[in-house]
Amino acid sequence: MKTITLVINGEASTDKVEDRLSLADFLRDQRNLTGLHLGCEHGVCGACTVLVDDEPVRSCITLAAAVDGKTVRTVEGFEQDPTMAVIRECFSAAHGLQCGYCTPGMVLTVRDMLKRQKCATQQQIRIELSGNLCRCTGYSGIVKAVEMARDRLAGETNQQAK
Amino acid sequence: MKAAATNYYKADSVDHALSLSASLGGMAKYLAGGQSLLPMMNLRLAMPEALIDISGLAALREVRLLENGLFIGAGVTHAMIEDGRVPEYGAGFLQHVAGGIAYRSIRNQGTVGGSLVHADPSADWSTALLALNATAVIRSDAGIRHVPLGTFQTGLMETSLEESEVLLGVLLPILSVRTRWAYRKFCYKVGELAHSLAAVVIDPEHELALAVVGAAADTPYVLPRVSASLRVGLHADAVALPSFTQLVEADLAEGTSHEPASYEFHLHKTIITRAVSEALTK
């Protein structure tokens, strides 16, 4: 067992974890943050995506013990985030989700893509999202949602600049 | 699936990592990014008794431009290279390779050293860095030794790293700004491990001309005849000729066990040819 101290969604947290426990299972089972989902448990589907120290990682292939001292943000931690609000509205408007299982991982990945400005073309969007699998939508609504969010955020930036 | 029980240790220095490993009788695996090890643990293909976390070691994240080359610490992540957080090298070769590895969230954790020691012949760095004639820099209690990457990779998922050693980083030779390179992968799905990959690096100023094929054999394979033809100044127009195709076929026949009439052979031939063509038309 290990004791880990981290900041989860802005709140300090100290916990005891089994050495082998994944960050995903820790957050879901011990912290009740069930927004992240387990799709494959070997790092290929992206449904478990969370942010560690502001960077997206796959929580199913991260050990809880290994994030001692770090900052973790799950989808629940973006309630007040204005960028995430835009992303969620666009996902809804463009039919970027059906069952919602992949969605928390999707929107966190999209938020990072927008931050790194990797949404210039449909092809680039599709390449950047290739690590997030969706079994429902066929992806076209998701790509549309990303384009919509990109354009809306660019429009808002232009507004602010004026 | 869930990983089997294990014991997690966090190293606070390279020396500490080495002594922990020794005290655990070689039953521990080093944990860097964990992007290859943890999937295997979750699938119970790997069940190490102990893990020694070396991901926090600043000493493994050093990047130093030396007189004889660029040293990249084993703990440098693919994302660090993708984002240009290491010195510009080889006219963008490293950055291009790094940006094509798996997915961004993998790249944020996965390390160059981890990939090289995992030694999957379908992975990117093993092939790409071999085309640079890179050297593995290895540390043990006895000190540091250098091993050419071609010798370091000994077989499928095997390296010559001893139990008492840890990979410190790689040393990449100095390249001129006129270096021509190409790096091609064939995947059905973006981000998956490649079914074929070819790396070509040509730098006459430093007498470097190498063509390497990955995912074709137990280790990445330096193509001897193709590399020799690049060394003597193969022209872009000659790539389409049967004389060049025969070189590729002869190299593949010698270095891999794929039947010449097979799909795999044809795939490798195609990817190699495209990479050579691309490098020569730069």
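By a 1.4 Å probe calculation restricted to protein chains, B:Lys10 has an accessible surface near 100 Å², given to the nearest 10. Using a 1.4 Å probe over protein heavy atoms, the accessible area lost on pairing A with B, summed over both chains, comes to approximately 2300 Å². Accessible area per residue was computed with a 1.4 Å probe on protein heavy atoms; A:Leu97 scores about 70 Å². Checking every one of the trypsin sites (Lys or Arg not before Pro) in the range B:179-277 against DSSP loop status and a limit of 11 other Cβ atoms within 10 Å picks out B:Lys189. Per-residue SASA remark: B:Glu205, around 100 Å² accessible (1.4 Å probe; ligands, DNA and RNA not included).
Hey, any idea what % of the range A:1-147's accessible area is carbon plus sulfur with a 1.4 Å probe? Roughly 46 percent, rounded to a whole number.
Using only Cα atoms, figure out Rg for the protein assembly as shown and give it as a multiple of 2.2 N^0.38 Å.
On the way: Rg = 22.7 Å, N = 444, 2.2 N^0.38 = 22.3 Å.
This ratio for the protein assembly as shown stands at 1.02.
Eigenvalues of the alpha-carbon gyration tensor of the range B:4-53, scaled by 5 and square-rooted, set the equivalent ellipsoid semi-axes at 19, 12, 7 angstrom, largest first.
Across all Cα pairs in chain B, the calculated P(r) in 5 Å bins from zero up to the longest distance comes to 1, 6, 12, 17, 18, 16, 12, 8, 5, 3, 1, 0 percent per bin.
Accessible-area rank, largest first, for B:Asp203, A:Asp151: A:Asp151, B:Asp203, with all protein chains present and a 1.4 angstrom probe. Each of B:Glu192 and A:Lys16 was given a label point 7 Å from its Cα along the Cα-to-Cβ line. The distance between the two points is 4.4 nm.
Once the Cα gyration tensor of chain A is found, what semi-axes does its equivalent ellipsoid get, as square roots of 5 times the eigenvalues, in whole Å, sorted largest first?
After scaling each eigenvalue by five and taking roots: 29, 18, 12 Å.
Against the empirical curve 2.2 N^0.38 Å, the C-alpha radius of gyration of the range A:61-106 lands at a ratio of 1.45. Inter-chain neighbour count for B:52-60: the average number of beta-carbon atoms from partner chains within 10 Å of each residue's beta-carbon is 1. FRET efficiency for the B:Ala236 to A:Val7 pair, using the beta carbon distance and R₀ = 45 Å, is estimated at 0.25. Of A:Tyr101, B:Tyr221, B:Tyr188, B:Tyr8, the residue with the largest accessible area leads and the full order is B:Tyr188, A:Tyr101, B:Tyr221, B:Tyr8 (1.4 Å probe). In this structure, the residue pairs whose Cα-Cα separation is over 25 Å, taken from A:Lys70/B:Lys29; A:Lys2/A:Lys70; A:Lys118/B:Lys189; A:Lys144/B:Lys185; A:Lys2/B:Lys2; A:Lys118/B:Lys10, are A:Lys144/B:Lys185; A:Lys118/B:Lys10.
If you filter the range A:47-95 for GluC sites (Glu not before Pro), then keep DSSP loop positions with at most 12 other Cβ within 10 Å, what is left? Don't skip to the end; give the middle numbers.
Numbers: sites: A:Glu76, A:Glu79, A:Glu89; in loops: A:Glu79.
Qualifying residues, ordered by number: A:Glu79.
Near B:Thr159, the amide H atoms lying under 5 Å from its own belong to B:Thr154; only residues 5 or more places off or on other chains count, and H is placed 1.01 Å from N. Residues A:Cys99, A:Cys40, A:Cys136, A:Cys60, sorted by accessible area with the largest first, give A:Cys99, A:Cys136, A:Cys40, A:Cys60 [1.4 Å probe; ligands and nucleic acids excluded]. Counting Lys +1, Arg +1, Asp -1, Glu -1, what net charge surrounds A:Arg126 among other residues with beta carbon under 15 Å of its beta carbon? In short, +2.
The values are calculated or read from the model by the stated rules, or taken from the named source; none is laboratory data. Small disclaimer: the values here were computed from a predicted structure and weren't measured. Every residue, glycine among them, receives a Cβ derived from its backbone with ideal geometry; neighbour counts consider all protein chains shown. Please note that ligands, DNA and RNA were not included when accessible areas were found on the heavy atoms of the full protein model with its side chains. Shrake-Rupley method; radii C 1.70, N 1.55, O 1.52, S 1.80 Å.
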